[in-house]
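Some notes on the structure that comes next.
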Amino acid sequence: ASLDPVMQDSVKKRLRLLGPAYRLFYQNPVQVSRGAGVHLYDRDGQEYLDAYNNVVSVGHAHPRVADAICRQAHTLCTHTRYVQDGILRYSDEILSTFGGQLGMSGHMMYTCTGSEANDLALRIAQHHTGRNGIIITSEAYHGNSYLTAGLSPSLGARSPLGTWVRRIPAPDSYRLPSKDMGAWFADCVRAQIHDLERHGNGLAAFIADSIFSSDGIYAFPTDLLAPVAEVVREAGGVFIADEVQSGFGRTGDKLWGYQRHGVDPDIVSMGKPMGNGFPVAAIAVRPEIVAKFGGDMRYFNTFGGNSVAIAAAQATLDVIRDEQLIENAQRVGVFLRKGLRELQTRYPQMGDIRGAGLYIGVEMVKDPVGKQPDAALASAIVNGLRERRVLISATGFYANILKIRPPLVFSEDDASRLIEELERVLSNF
Ligand code: PMP
């Protein structure tokens with residue numbers, strides 16, 4: 001369908017001003033002008049159900065977060081080279097959520113983006129171990145800095161990977177036998193550690209997103225990461241949990257996704273929903289891992305952890321707790337998956353429905369026996385839903401997995417609307 005002339009003009013202007021590397025969502029792009037809760041509004045005031053944005057996890061334009069940002073901006077906005085109460089209070093509170101060694105004696109180090117957080121985590125791991133090898137999953141995304149882009153295959157087939165990077169397969173619970181998957185996963189890591197030792201100077205770190213978002217959203221089984229952590233530590237490596245996607249209650253039962261796997265990471269990186277859209281990200285690190293790094297060099301990030309960033313992060317964490325959003329993600333996630341499974345009985349192209357909390361993947365296939373990915377169908381559904389003003393996206397190597405990841409304030413009514421509209425779209429195929 002052709003775009004209306006005003007939209008055509010905006011899209012052309014955007015291409016000229018922002019250049020060719022940016023991608024737009026939807027064949028018929030959405031021009032947004034306002035957000036509130038789980039809704040976005042276009043320039044004509046039309047309302048869209050946002051079932052995709054995980055950054056605004058406590059809802060678009062949450063008044064408590066907006067007020068906290070404004071109040072702090074009116075009072076003071078400066079960096080981490082002064083003593084400030086806010087950053088100490090927040091660090092204390094967030095560290096206490098990790099449990100284990102991180103909870104008892106960890107340090108917080110602040111950045112502005114998840115990319116910077118992972119970049120810092122990896123530099124610390126390399127300095128601590130004196131080695132440079134990094135192991136990732138096959139379609140991982142860990143950031144857009146030089147270092148993290150080199151370990152983000154999902155950026156594109158021609159995006160260069162670092163020579164020090166090794167990949168293990170994604171834990172594809174739809175196609176691989178789930179029995180002993182943890183042992184298999186650990187064996188994959190072991191093989192790559194040997195390769196790094198043969199062809200380089202060995203393992204610095206293993207880094208993974210515990211819900212394997214860009215690999216295809218694999219929330220189960222949850223006995224995968226503990227055996228890996230053991231193998232990584234035996235080799236003297238650092239275990240990094242990238243919680244940029246799975247953190248802050250997204251997966252429903254816990255604040256952190258890695259906690260579902262019962263591991264105790266050496267470093268946790270976090271970002272995206274941390275300030276409900278305000279740029280704030282961080283790592284939590286065990287003291288012995290960062291001791292040499294901290295002795296040999298200094299760390300400063302002009303904007304990372306500034307007064308306003310911390311005010312945004314504190315207000316977001318307060319809202320997650322006060323509005324019981326982890327429990328909501330769990331309850332509504334179960335409700336939504338149940339509704340999707342009910343749809344699946346009529347639409348077998350929905351090959352697999354998976355996820356945890358409010359992070360849900362629906363794998364579209366040509367037929368449920370052969371399980372061949374159907375990217376065209378996934379794209380048609382994403383665009384069909386957009387025409388019905390429900391916003392989702394697709395992920396995975398073939399982009400055939402519907403990605404449903406709404407703000408954590410999503411209700412059962414919102415989930416019902418999503419399911420009804422999905423059924424309407426599916427009935428056209
Ligand atoms: N890690 C993961 C798992 C991510 O999904 C992302 C962002 N999509 C990043 C790191 C990078 O975060 P940012 O875009 O804030 O740099």
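222 nm [θ] for the chain, helices only, -39500 (n - 2.57) per DSSP H run of 4+, per residue, to 500?
It lands at -12500 deg cm²/dmol.
What is the P(r) of the stretch 1-155, as percent of Cα-Cα pairs per 5 Å bin from 0?
Once binned at 5 Å, the Cα pair distances of the stretch 1-155 give 1, 6, 9, 12, 15, 16, 15, 12, 8, 4, 2, 0.
Mind listing the phi-derived Karplus ³J(HN,Hα) values for the stretch 344-353, rounded to whole Hz, using 6.51, -1.76 and 1.60 with θ = phi - 60°, and x for any glycine or proline?
Result, ordered by residue: 4, 5, 9, 10, x, 5, 7, x, 8, 10 Hz.
With each label point set 7 Å from Cα along the Cα-Cβ vector, what nm distance links Lys179 and Arg424?
Using points 7 Å along Cα→Cβ, the separation is 4.6 nm.
Determine the sum of side-chain charges near Arg388: Lys and Arg each +1, Asp and Glu each -1, restricted to other residues whose C-beta is under 10 angstrom from that of Arg388.
Result for the neighbourhood of Arg388: +1.
I need the Debye-formula profile for the stretch 207-264: one equal scatterer per C-alpha, no solvent, reported as log10 I(q)/I(0) at q = 0.17, 0.24 1/Å, two decimals.
Taking Cα atoms of the stretch 207-264 as identical point scatterers yields -0.50, -0.95.
Among the trypsin sites (Lys or Arg not before Pro) within the stretch 116-168, which fall in a DSSP loop and have no more than 12 other Cβ atoms within 10 Å of their own Cβ?
When the trypsin sites (Lys or Arg not before Pro) of the stretch 116-168 are filtered for loop state and at most 12 Cβ neighbours within 10 Å, Arg158 remain.
Using the basic label-point model (7 angstrom from Cα toward the beta carbon), what is the His74 to Phe220 distance in nanometres?
4.9 nm
Based on C-alpha coordinates, I'd like the Rg and Dmax of the stretch 74-132, in Å.
14.1, 46
Neighbour counts of other C-beta atoms within 10 Å: give me Thr97, Thr148, Thr345, Thr113 arranged from fewest to most.
Ranked by crowding around the Cβ, least crowded first: Thr345, Thr97, Thr113, Thr148.
Provide Rg over Rh for the stretch 256-343; use the alpha carbon set for both Rg and the Kirkwood Rh (inverse mean inverse pair distance).
Answer for the stretch 256-343: 1.10.
For a footprinting-style exposure proxy, rank Trp256, Trp184, Trp164 by other Cβ within 10 Å, fewest first.
Neighbour counts put them in this order, fewest first: Trp184, Trp164, Trp256.
So which aspartates and glutamates pass the test for Lys12, namely a Cα distance under 18 Å, with those fewer than 8 places away in the same chain ruled out?
The reachable aspartates and glutamates, counting only those whose Cα sits under 18 Å from Lys12, are Asp4.
What's the exposure ranking of Met270, Met104, Met350, Met297, going from fewest to most Cβ atoms within 10 Å? Intermediate results must be reported in sequence, preceding the final value.
On the way: Met270 26, Met104 12, Met350 22, Met297 9.
Fewest to most other Cβ atoms nearby, the residues stand as Met297, Met104, Met350, Met270.
How about the stretch 67-144: which chymotrypsin sites (Phe, Trp or Tyr not before Pro) there are in a DSSP loop, with at most 10 other Cβ atoms within 10 Å of their Cβ?
Details: sites: Tyr82, Tyr90, Phe98, Tyr110, Tyr141; in loops: Tyr82, Phe98, Tyr141.
Sparse-neighbourhood loop chymotrypsin sites (Phe, Trp or Tyr not before Pro): Tyr82.
Cross-link partners among aspartates and glutamates for Lys292, C-alpha distance below 15 Å, same-chain residues fewer than 8 apart left out?
Straight-distance partners of Lys292: Asp266.
Just to check, using Stokes-Einstein with a Kirkwood Rh over alpha carbon pairs, what's the diffusion coefficient of the stretch 63-322 at 20 °C and 1.002 mPa s in µm²/s?
It comes out at roughly 115 µm²/s.
For every other residue with a beta carbon closer than 12 angstrom to the beta carbon of Phe239, add +1 if it is Lys or Arg and -1 if Asp or Glu, then tell me the sum.
The answer is -3.
Under the Karplus relation 6.51 cos²θ - 1.76 cosθ + 1.60, θ = phi - 60°, what is the ordered set of whole-Hz ³J(HN,Hα) values for the stretch 137-150, x standing for Gly and Pro?
With coefficients 6.51, -1.76 and 1.60, one gets 8, 5, 10, 5, 10, 10, x, 10, 7, 4, 5, 6, 5, x Hz.
Once amide H atoms are built 1.01 Å from N in the peptide plane, which residues 5 or more positions from Ala204, or in another chain, come under 5 Å H to H?
Asn132, Gly133, Ile134
Taking R0 as 51 Å, what FRET efficiency do you get between Asp318 and Glu342 from their Cβ-Cβ distance, rounded to the nearest 0.05? Don't skip to the end; give the middle numbers.
Details: r = 36 Å, r/R0 = 0.71.
The value I calculate is 0.90.
Return the FRET efficiency for the residue pair Arg43, Leu161: r is the Cβ-Cβ distance, R0 is 45 Å, and the value is rounded to the nearest 0.05.
FRET efficiency, Arg43 to Leu161: 0.65.
Going down the table (Lys272/Lys371; Lys272/Lys366; Lys254/Lys366; Lys366/Lys403), which pairs top 29 Å between alpha carbons?
Lys272/Lys371; Lys272/Lys366; Lys254/Lys366
Using the Karplus curve 6.51 cos²θ - 1.76 cosθ + 1.60 with θ = phi - 60°, what ³J(HN,Hα) values do you get for each residue of the stretch 226-235, in whole Hz, with x for Gly and Pro?
In residue order, the calculated couplings are 5, x, 5, 4, 5, 5, 5, 5, 4, 8 Hz.
Round to the nearest 0.05 the FRET efficiency obtained for His107 and Asn201 when R0 = 35 Å and r is the Cβ-Cβ distance.
With R0 = 35 Å, the Cβ-Cβ based efficiency is 0.85.
Each value in this text was obtained by applying a stated rule to the coordinates, not by laboratory testing. Everything numeric in this text was worked out from a predicted model, so none of it was measured. Because the Cβ atoms are built from the backbone with ideal geometry, glycine has one as well, and the counts that use them run over all protein chains shown.
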